[in-house]
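The values are calculated or read from the model by the stated rules, or taken from the named source; none is laboratory data. Keep in mind that this is a model prediction, so the values were computed, not measured. Positions of Cβ are backbone-derived with ideal geometry, glycine not excepted, and every protein chain shown enters the neighbour counts.
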Amino acid sequence: MSETRMDGCRARAFALSMLLMIATYLGVERSHAADDIPEWRKPWYQEQAPFRIFGNTYYVGTRGLSAILITSDAGHVLIDGTLPDTASLVAKSIRALGFRVEDIELIVNSHTHSDHAGGIAELQRLSGASVAASAEAARAMERGRGERNDPQYELGDTIPPIDKVRVVRDRETLRVGKTEITVHYTPGHTPGGTSWTWTSCEGERCAKMVYADSVTAVSDDSFKFSGDARYPSILADFENTLRTIESLPCDILIAPHPEAVDLWSRLARREAGSKDGFMDRGACKAYAQAGRQRLHARVEREKAQQHQQP
Ligand SMILES: [Zn+2]
């Protein structure tokens, strides 16, 4: 390399580092990053005004990622933390409802991908809450990454590691004040996936609430739901999960991705005056059935591809 070209390189590198410094200083670094976010993911970062779903259950997530607050006089439960970058929006929503982030006693999670567990470390730091998870999810939380049996492992997703995660058993009931929330191991989308059920009341009327984990059979390019040495029982586990979800007492279904349970049209229905806009006793069955159809279609595709290989 000639000296002049070297100088040119240095000058460019210097100019670039100055630009980066100025950009960081002005806080435009993040908005530049936002330009790189694909259109379909933008709602994940979009602020959403919090609202009551039913009784003591509130939506405190972003437009595209759910976070649920279940309140009580003796402390709150938070389900899911959204992304690392949007944990502050969750905290802001909780405060906007008039609750204290410091009053969260327990944080739980649907699954350990960054769009649902990424904000938990920060929300734990802000609240001092304890975190509870299934055995597989607890390992992933503590190491900040799932293991090779996660169908999306090779996509390289990571989360800020979460300290001191308490392992809870399948069907165990956790108590915070008057809130009783039950653990349902629902592996499939990830090996540690978990769904949660509780009851919320408005006066005499009570609703069976379900936060069902994602049931999409999505993976990196290498994983096979039809049979993979890294997670040999995945298909049977996934089918079992779908049976679990469809058999839950289910008046109001919420899920990590709100559009997967028509949350926004349900909210619109309620805002249009239908008091029970969120209620749909068939929602868990429909959600499980849609997941089953996608899983079977995926397995068929994998088998067809195997046949094509020489
Ligand atoms: Zn996921």
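Just to check your reading of the model, which residue among D170, D163 is more than 24 Å from H257 (Cα to Cα), more than 16 Å from the ligand (Cβ to nearest atom) and more than 17 Å from the chain's Cα centre (by Cα)?
Exactly one residue qualifies, and that residue is D163.
Condition check: exposed (fewer than 14 other Cβ atoms within 10 Å of the Cβ) and touching a Lys or Arg at 6+ places or on another chain (Cβ under 9 Å). Does W198 satisfy that? First the steps, then the outcome.
Values: exposed (fewer than 14 other Cβ atoms within 10 Å of the Cβ): no; touching a Lys or Arg at 6+ places or on another chain (Cβ under 9 Å): yes.
No.
Return yes or no: is D163 touching a residue at least 24 places away in the same chain (Cβ under 8 Å), assigned to a loop (DSSP other than H, G, I, E, B) and buried (at least 23 other Cβ atoms within 10 Å of the Cβ)?
On the way: touching a residue at least 24 places away in the same chain (Cβ under 8 Å): yes; assigned to a loop (DSSP other than H, G, I, E, B): yes; buried (at least 23 other Cβ atoms within 10 Å of the Cβ): no.
In short, no.
Just to check your reading of the model, which residue among P161, P187, P151, P191 is assigned by TED's automatic domain parsing to the domain that holds R52, over 24 Å from F238 (Cβ atoms), modelled with pLDDT of 95 or more and of a type outside the set (V, I, T)?
Values: P187 fails: over 24 Å from F238 (Cβ atoms); P151 fails: over 24 Å from F238 (Cβ atoms); P191 fails: over 24 Å from F238 (Cβ atoms).
Only one candidate passes the filter, namely P161.
I need a count of the residues in the range 182-196 that are aliphatic (A, V, I, L, M) and closer than 23 Å to R298 by Cβ.
Here is the first cut: in the range 182-196, the ones aliphatic (A, V, I, L, M) are 183.
With closer than 23 Å to R298 by Cβ added as a condition, the list becomes none.
Here the count works out to 0.
Going through the range 203-216 one residue at a time, which ones are within 16 Å of the ligand (Cβ to nearest atom) and either surrounded by fewer than 24 Cβ atoms within 10 Å (Cβ to Cβ) or under 16 Å from I70 (Cα atoms) (or both)? Steps first, please.
If we filter the range 203-216 for residues that are within 16 Å of the ligand (Cβ to nearest atom), which is where we start, we get 211-216.
Those that are within 16 Å of the ligand (Cβ to nearest atom) and either surrounded by fewer than 24 Cβ atoms within 10 Å (Cβ to Cβ) or under 16 Å from I70 (Cα atoms) (or both): Y211, A212, S214, T216.
Cβ-Cβ below 8 Å, separation at least six or inter-chain, first residue in the range 190-201 and free of Cβ contacts under 8 Å to residues at least 24 places away in the same chain, second away from the ligand (no atom under 12 Å from the Cβ): which pairs?
The qualifying pairs are T199/E180; T199/C206; T199/A207; T199/K208; T199/M209.
Could you tell me how many of the residues in the range 248-267 are touching a residue at least 24 places away in the same chain (Cβ under 8 Å) and not in a helix (DSSP H, G or I)?
At the first step, the residues of the range 248-267 found to be touching a residue at least 24 places away in the same chain (Cβ under 8 Å) are 248-261, 263, 267.
Add one more test, that the residue is not in a helix (DSSP H, G or I), and what stays is 248-257.
Final tally of qualifying residues: 10.
Please find, within the range 221-247, the residue that is surrounded by the fewest Cβ atoms within 10 Å (Cβ to Cβ) out of those that are hydrophobic (A, V, I, L, M, F, W, C), in contact (Cβ under 8 Å) with a residue 24 or more places away in the chain and part of a helix (DSSP H, G or I).
In the first step, residues of the range 221-247 are kept if they are hydrophobic (A, V, I, L, M, F, W, C); the result is 223, 225, 229, 234-236, 238, 242, 245.
Filter once more, keeping what is in contact (Cβ under 8 Å) with a residue 24 or more places away in the chain: 223, 225, 234-235, 238, 242, 245.
Checking the rest, the ones that are also part of a helix (DSSP H, G or I) come to 234-235, 238, 242, 245.
Details: I234: 23, L235: 19, F238: 25, L242: 22, I245: 26.
Going through the qualifying residues, I end up with L235.
Under 6 Å between Cβ atoms, which residue pairs at least 6 apart in sequence (or on different chains) link something in the range 285-306 that is at pLDDT 95 or above with a partner that is assigned to a helix (DSSP H, G or I) and surrounded by 14 or more Cβ atoms within 10 Å (Cβ to Cβ)?
From residues that are at pLDDT 95 or above, the pairs are K285/E246; A288/L242; A288/I245; A288/E246; G291/L242; R292/L242; L295/F238.
Pull up the range 126-145, narrow it to residues that are small (G, A, S) and under 16 Å from the mean Cα position of the chain (by Cα), then point me to the one that is surrounded by the fewest Cβ atoms within 10 Å (Cβ to Cβ).
Step one: of the range 126-145, the residues small (G, A, S) are 127-130, 132-135, 137-138, 140, 144.
Those still in the list that are under 16 Å from the mean Cα position of the chain (by Cα) too: 132-134, 137-138, 140, 144.
Values: A132: 21, A133: 26, S134: 29, A137: 30, A138: 21, A140: 27, G144: 17.
That would be G144.
In this structure, does C250 turn out to be surrounded by 18 or more Cβ atoms within 10 Å (Cβ to Cβ) and either assigned by TED's automatic domain parsing to the domain that holds G64 or within 18 Å of L65 (Cα to Cα) (or both)?
Values: surrounded by 18 or more Cβ atoms within 10 Å (Cβ to Cβ): yes; either assigned by TED's automatic domain parsing to the domain that holds G64 or within 18 Å of L65 (Cα to Cα) (or both): yes.
Yes; evaluated as a whole, the condition is true for this residue.
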